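*Asks:* My questions all concern the structure below.
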Amino acid sequence: MSHSYIYRAFDATGAARSGELLSASRGSALEALTRQGLVTVELHETTTAGAPPARRMGPWLRAPTGKANLRQLLAFTQSLAALLNAGLTIDRALQISIALAPNAATRALCDKLLKSVRAGKTLSEAVEISKQRVPPFYVSMISAGEAGGSLPETLNRLGELMRKQVEVRERVRSALVYPTMLAGVVLLTLTVLLTFVLPRFETLFAESEAPLPFSTRAVLNVGRFVADYWWAMAAAALAASATFTLWLRSPAGRTRFDGWLLSSRVTLGLPAATNAARFFRTLSTLAANGLPLPAALKIARGTVANRRLLDALARVATDVQAGEPFSHSLARVGVFPPVAAQLARVGEETGKLDEMLRSAATVLEEETQLKIERLLNLLVPLLTVGMGIVVAGLIGSVLIGLLSINDLAF
């Protein structure tokens, strides 16, 4: 038995198509539309001959809420680049993006951009007035692509850059999951032992009136202190955290802390390598997009979070503006990994600065990942052994006390 379906779709050129067709099932109707080269965005079965049901607001037409996160913005950028590479105009590409958007935040962004573009704005201007949180280089790169007539290629580079940033961030987060869980287990175990287990043995020791070994007395005193003054310890920890946060938010405090991150051996050079990799990858993309180096430096600085590195890059930008080679200035400030200045010099000598900067970013990213993996491989067994030693020490001290009571009894 055939059913009548009302559909709305887009063809390969981005033009809207709608109509009615007969099919045995909804799945068969979708297959028929796909064979015609259509992307279906709405499909309803009619309830009476030729009369469609009451139109319901589809998920792509709901009131958009929220803003797209970085992963959603990356997916939108890659999708828009693919549509533009297929030869669609920007308004048709945005129209299809609205229909195919997988979530409300992306639909909201596409809808805002489409309205602005249809009002005569360029895509870069539309993004700028959309109030969508984007990376600092996002608008500038799109603007440069529009000026050079290479918007699809620019969006491809932009998507690749954002993909790399998302991958690095997700890799670091994933690597920190297990050590964080292990540290939480250690803290919970110590809390249970000190506040619930030890007080029960303290009552037993007090009833025996036997002299206890020093280790047992020390453990019991620690447990009693934690049980009686846990609230004071929590308050002190919160006060210290709030004080440190306020100090870190001050310009002087942030600068000093960022300087410590760069110079301390404890950090293994990770802050410098991470910030430098992000900066050089962004700079290489901007340079490959045709931006002059001074302008690219100013834009790429927005990806750096460390204040000391920002101050150094400001000096580098000033030197480059004055005509000094980029690699010389980079080496003179002395806060970036040496490999960056070396590859930048090779790039300037060969005329392939963007490729060498990309290579520098890749080297620094791989070095950062290797250091993080080694650190975590060392941290996990250290936490495990440390927890074992502490727990064994607590239990051993209690057992020694029990043995001393038994010796006294005999």
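*Asks:* When you scan the range 207-223, do you find a residue that is of a type in the set (Lys, Arg) and surrounded by fewer than 10 Cβ atoms within 10 Å (Cβ to Cβ), even just one? Show your work before the answer.
*Replies:* Taking the range 207-223 and keeping what is of a type in the set (Lys, Arg), we get 217.
If we keep only those that are surrounded by fewer than 10 Cβ atoms within 10 Å (Cβ to Cβ) too, we end up with none.
Taking every residue of the range 207-223 in turn, none turns out to be of a type in the set (Lys, Arg) and surrounded by fewer than 10 Cβ atoms within 10 Å (Cβ to Cβ).
*Asks:* Only residues that are basic (Lys, Arg) and either part of a loop (DSSP other than H, G, I, E, B) or closer than 23 Å to GLU367 by Cα (or both): list them for the range 271-311, please.
*Replies:* Residues of the range 271-311 that are basic (Lys, Arg), as a first pass: 278, 281, 298, 301, 307-308.
Once the filter is applied, which keeps residues that are basic (Lys, Arg) and either part of a loop (DSSP other than H, G, I, E, B) or closer than 23 Å to GLU367 by Cα (or both), the range 271-311 yields ARG278, ARG281, ARG301, ARG307, ARG308.
*Asks:* Do you know which residues across the range 227-259 are in contact (Cβ under 8 Å) with a residue 24 or more places away in the chain and closer than 21 Å to LEU194 by Cβ?
*Replies:* Residues satisfying the conditions are ALA227, TRP230.
*Asks:* Determine whether LEU343 is in contact (Cβ under 8 Å) with a residue 24 or more places away in the chain and part of a helix (DSSP H, G or I). Can you show your working first?
*Replies:* Values: in contact (Cβ under 8 Å) with a residue 24 or more places away in the chain: no; part of a helix (DSSP H, G or I): yes.
Answer is no for this residue.
*Asks:* Can I ask one more? Checking the conditions here, which among ARG301, ARG358, ARG278, ARG308 is among the charged types (D, E, K, R), more than 21 Å from MET162 (Cβ to Cβ) and touching a helix residue (DSSP H, G or I) at 6+ places or on another chain (Cβ under 6 Å)? Lay out the reasoning, then the answer.
*Replies:* On the way: ARG301 fails: more than 21 Å from MET162 (Cβ to Cβ); ARG358 fails: more than 21 Å from MET162 (Cβ to Cβ); ARG278 fails: more than 21 Å from MET162 (Cβ to Cβ).
Checking each option against the conditions leaves just ARG308.
*Asks:* Looking only at the range 62-88, count every residue that is modelled with pLDDT of 80 or more, at negative phi and in a loop (DSSP other than H, G, I, E, B) and tell me the total. If you could, list the steps in order and put the result at the bottom.
*Replies:* Of the residues in the range 62-88, the ones modelled with pLDDT of 80 or more are 71-88.
Going one step further and asking which of them are at negative phi, we end up with 71-86, 88.
Filter again for in a loop (DSSP other than H, G, I, E, B), leaving 86, 88.
Qualifying residue count for the region: 2.
*Asks:* Follow-up. Counting only residues that are hydrophobic (A, V, I, L, M, F, W, C) and modelled with pLDDT under 75, which one in the range 146-175 is farthest from GLU365 (Cα to Cα)? Steps first, answer last, please.
*Replies:* Taking the range 146-175 and keeping what is hydrophobic (A, V, I, L, M, F, W, C), we get 147, 151, 155, 158, 161-162, 166, 168, 172, 175.
Still in the list and also modelled with pLDDT under 75: 147, 168, 172, 175.
Values: ALA147: 31, VAL168: 8, VAL172: 11, ALA175: 15 Å.
Across the range 146-175, the extreme among qualifying residues is ALA147.
*Asks:* Looking at LEU364, LEU313, LEU379, can you tell me which residue is in contact with a Pro (Cβ under 9 Å, 6 or more places away or on another chain), at pLDDT 85 or above and assigned by TED's automatic domain parsing to the domain that holds PHE201?
*Replies:* On the way: LEU313 fails: in contact with a Pro (Cβ under 9 Å, 6 or more places away or on another chain); LEU379 fails: at pLDDT 85 or above.
On inspection, the qualifying residue turns out to be LEU364.
*Asks:* LEU176 is checked against (1) loosely packed, with under 15 Cβ neighbours inside 10 Å; (2) outside the structural domain of THR285 (by TED's automatic domain parsing); (3) in contact with a helix residue (DSSP H, G or I) (Cβ under 8 Å, 6 or more places away or on another chain) and fails just one. What number does that condition carry?
*Replies:* (2)
The values are calculated or read from the model by the stated rules, or taken from the named source; none is laboratory data. All values reported here derive from a predicted model rather than from experimental measurement. Don't worry about glycine lacking a Cβ; one is built from the backbone with ideal geometry, like all the others, and counts go over all protein chains shown.
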